[in-house]
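Dropping the structure in here first, questions after.
Just so you know, all these numbers are worked out from the coordinates, no wet-lab data involved. These numbers were taken from a predicted model, which means no experiment stands behind them. Heads up, the Cβs are rebuilt from the backbone with ideal geometry, glycines too, and the neighbour counts pull from every protein chain shown.
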Amino acid sequence: MPPDETAVDAIAVALRVADAIETAKGSYFVGGSLASSLQGEPRATNDIDMIVKLSLGRIGEFVTALGEDFEVDVDMLRDALLHSRSCNIFYLPVVMKVDLFAVGSSAYDETEFARRRRVPVRTTGETLLVKSPEDTVLRKLLWYRDGGGVSERQWRDVIEVLRVSGSGMDRGYIAQWGERLGISELLQRARSETGGSA
């Protein structure tokens, strides 16, 4: 399947934001629909989710590294990093939104961040740090549950990541955290829709 043009644009923007984060001595991983597109079925995405660790004292370096193509509300970014919230920045040439989420403090937040992995995203060698497929499934099931179990998009993302990446997943890890997070029944239902192979 040829790559979706929006997904390609999103990767280009994510690479620029990732470079700026690392220039400012921060760390990150890509999550959300961009991660699931890399691990499952590519689909159009209107925004990019990145989970970030960044010192408050290096916000200026981050903004400078992003350059004039990006619009950043520095006060909102500082508040998000200080209180483990999220904020938006915008890539102006194509008006693409990047949601920056400060890393949470729960045991699962910390485990999810520690398991990020570097993934090739270009044939020319560029890479991004992306959450693991197991954590994509777990986090999207949490979002699905917390959203009332009505988001067909979140559910489809889960199914496609299980279908495409499921054979290489750590089953023990995903089962353990599925139980701890209270989503074991949803996980079982999703696996059944993939034929139970994931």
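To the nearest 0.05, how large is the calculated FRET efficiency for SER55 and VAL94 if R₀ is 30 Å and r is the Cβ-Cβ distance?
That gives a FRET efficiency of 0.55.
Give the angle, between 0 and 90 degrees and rounded to the nearest 10, that separates the Cα long axis of helix 74-83 from the longest principal axis of the Cα atoms of the chain.
Orientation of helix 74-83: about 40 degrees from the principal axis.
Could you go through region 147-156 in sequence order and give the Karplus-derived ³J(HN,Hα) for each residue, using 6.51 cos²θ - 1.76 cosθ + 1.60 with θ = phi - 60°, rounded to whole Hz, and x for Gly and Pro?
Result, ordered by residue: x, x, x, 10, 7, 5, 5, 4, 5, 5 Hz.
Still on this structure, I have one more. Find how much the distance from ASN46 to GLU22 grows on full extension, using 0.36 nm per residue of separation minus their present alpha carbon separation; answer in nm with one decimal.
In short, 6.3 nm is gained.
If one takes the longest principal axis of the Cα atoms in the chain, at what angle in degrees, from 0 to 90 and to the nearest 10, does the Cα axis of helix 171-180 lie?
It works out to around 80 degrees.
With each label point set 7 Å from Cα along the Cα-Cβ vector, what nm distance links SER86 and ARG115?
In this crude spin-label approximation the distance works out to 2.0 nm.
Kindly provide the pair-distance distribution of region 98-198 built from C-alpha pairs, with 5 Å bins from 0 and whole-percent values in order of increasing distance.
Taking all Cα pairs of region 98-198, the binned fractions are 2, 12, 21, 25, 20, 13, 5, 2, 0 percent.
Return the distance in nm (one decimal) between the two label points of a simple spin-label model at ASP146 and GLU71, each offset 7 Å from Cα along Cα→Cβ.
2.7 nm
Right, next: Could you state the principal axis extents of the C-alpha atoms in region 1-94, from the largest down, to the nearest angstrom?
Projected onto its principal axes, the Cα set of region 1-94 covers 44, 25, 20 Å.
Per 0.36 nm of contour for each residue apart, how much would the distance between THR64 and TYR173 grow if the chain were fully extended, relative to their Cα-Cα spacing?
Full extension from THR64 to TYR173 adds 35.3 nm.
Is any residue of region 24-48 close enough, with backbone N under 18 Å, to a label point placed 7 angstrom from the Cα of ARG156 along the Cα-Cβ axis, and if so, which?
Within reach of a label on ARG156: 32-48.
Where Rh is the Kirkwood radius over the Cα pairs of the chain, the temperature 4 °C and the viscosity 1.567 mPa s, what D in µm²/s does Stokes-Einstein return?
Diffusion coefficient, whole number: 75 µm²/s.
Using the number of other C-beta atoms within 10 angstrom as an exposure proxy, rank ASP99, ASP69 with the fewest first.
ASP69, ASP99
Restrict the search to region 2-94; then list the GluC sites (Glu not before Pro) that DSSP places in a loop and that have at most 12 other Cβ atoms within 10 Å of their Cβ.
When the GluC sites (Glu not before Pro) of region 2-94 are filtered for loop state and at most 12 Cβ neighbours within 10 Å, GLU68 remain.
Sticking with this one: 5 Å is the cut-off here: which amide hydrogens, built 1.01 Å from N in the peptide plane, fall below it relative to ILE48, excluding neighbours closer than 5 in sequence?
Amide H to amide H, under 5 Å and 5 or more residues apart or across chains, ILE48 pairs with LYS97, VAL98, ASP99.
Name the long-range amide H neighbours of THR127: under 5 Å, sequence gap of 5 or more, or other chain; modelled H, no Pro or chain starts.
Residues meeting the criterion, in which the H sits 1.01 Å from N, are VAL121.
So, one more: Where nothing but the Cβ of Lys and Arg (+1) and of Asp and Glu (-1) is charged, how large is the charge dipole of region 133-193 around its Cα centre, in debye to the nearest 20?
60 debye
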